[in-house]
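Enquirer: Okay, handing you the structure first.
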Amino acid sequence: VPRVIGQDKSYRSGDAVSFRGQLVVASTNQGKLEIFKLDGSALNRTATVINSNAGGSLGDPALSEENGELYAYLVDGRNLYKYRISDFYNPSLVKQANEVTLGDWFSGVVIAKDRVVTIGSGGLKLWTPALERIDLYPLSVQNPYNLILSPQGAFIFNLENDLFTLFNSPNRNVFATFNNFDEYSISRSEVFALDSHNRKAFNDDEETKLYLVDDRELRQIDFDSFTTKTFRHISNIGYDVAGIRGDDHLYFSDGIGVVKIDKNYFKPLTWVYTTSKFGDGGWAMGLKVADTDNGQRVVVFNNSAILVLDENLRLVASRAQSEDPIEPVREGLSLHLDRNRAAANSLIGLTGTGFGANEQVTISFAGSIFYAQADSAGRFSKIITVPNVNRQRTDIRVTGDVSRITYSAAFEIE
């Protein structure tokens, strides 16, 4: 079975949270940040953020609720971004941080307690929500997806191929590296991994247990009792384990489907095959679980679609990859004026390229605001009136309302 089922831009990963009782899902698998909200039996895409100035491919987003607002953090190699997405239809860039001059290259970002953690060539860096860097852990990570932090941030777990690394954050050191837990008096816990594909473990520190699904079994590793429970799944590949901390059950994905399992007896409660039941090209990879006002929701990044299941693994909603596509920006960012000087109350023409497809743009000019609509290629044109102000040299600035892309041109009011 191939490790990635073949289509150029599949839904394989992302994040999902419950915000004000509603399920919110985010993914960057299509080359831009997409935000979805569950409305009854529909998973609606509310916004798309396209950054034509991105330094590289986007890492998976990390969603975080802070002081009653919802934010999305993401990296593009050069930069760390923080977007406010509480208004699901109008995301706004809050702040951006750049570490290229320090020799780092960001590959991922995760949230631990009240800290933002970037994963990159310079190690793991800790940031405040205001994107102020406060600490650094010298830990090299090949695949940022496979790294998790304990909820309180005391421990870092990383799985690469069949090699498992435990990092103690307060002591700033790796205290265990192994592929066979027998070395640490934990029986029957050899990790079986055919390669280093995406694989997310789950740490329930209320129970001092770690759960992971390798390419043969689901494993519960108890670091208090030094015991292991295993459940042999029917696939030859394992992806993610997810759940709500403190629950008596959790979920795991193995490509062909999702299994809900009892944590105490380690037996399946129910399961669903996702390869063809919800459309062609299904392959269960990324997995997230959230508690909403309507009950627990399981989000499956299922290659050809994003699925939302209830706690009994019945389909609530789905979003196919081909539904209502928004093409990323294909042209460079530009702004052209039919003239760069004119008297007050004159008409001038503007054309722009490189903005988000079908987004509204805001034009700021000497204290006046105008609006225009970009087409599917990110282009717009608009005739505006020169504001009735004193003679001055100023800028005409255009900003995409969703993408937050901005560009300006100088203009002289005579």
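Enquirer: Would you work out the charge dipole size for the chain about its Cα centre, treating the Cβ of every Lys and Arg as +1 and the Cβ of every Asp and Glu as -1, and quote it to the nearest 20 debye?
Expert: The dipole of the chain has a size of about 880 debye.
Enquirer: With all protein chains present, calculate the accessible area of Ile234 using a 1.4 Å probe and round the result to the nearest 10 Å².
Expert: The accessible area comes out at roughly 120 Å².
Enquirer: For the chain, which whole percent of the accessible surface, found with a 1.4 angstrom probe, sits on carbon and sulfur atoms?
Expert: On the way: 7870 of 17620 Å².
Summing carbon and sulfur atoms, their accessible area is 45 percent of the total for the chain.
Enquirer: Please work out the average accessible area per residue across the chain, using the 1.4 Å probe convention, and give it in Å².
Expert: Normalised by residue count, the accessible surface of the chain is 43 Å².
Enquirer: Further question on the same structure: Going toward the positive end of the dipole of the chain, with +1 on Lys and Arg Cβ and -1 on Asp and Glu Cβ, which of Ser225, Trp105, Ile148 do you reach last?
Expert: So the residue furthest toward the plus end is Trp105.
Enquirer: Structure shown: which of Lys82/Lys113; Lys82/Lys288; Lys32/Lys82; Lys32/Lys382; Lys95/Lys200 lie over 23 Å apart, alpha-carbon to alpha-carbon?
Expert: Violating the 23 Å limit, Cα to Cα: Lys32/Lys382; Lys95/Lys200.
Enquirer: Heavy atoms only, probe 1.4 angstrom, no DNA, RNA or ligands counted: give me Thr292, Thr385 ranked by accessible area, highest first.
Expert: Sorted descending by solvent-accessible area, the residues read Thr385, Thr292.
Enquirer: Taking amide H positions as placed in the peptide plane 1.01 Å from N, state which residues far from Gly122 in sequence (5 or more) or on other chains have amide H under 5 Å from it.
Expert: Amide H neighbours of Gly122: Trp105.
The values are calculated or read from the model by the stated rules, or taken from the named source; none is laboratory data. The structure displayed is predicted, hence computed values, not measured ones. Neighbour counts run over all protein chains shown; Cβ positions are idealised from the backbone, glycine included. Surface accessibility is based on the protein's heavy atoms, side chains included, excluding ligands, DNA and RNA. Shrake-Rupley method; radii C 1.70, N 1.55, O 1.52, S 1.80 Å.
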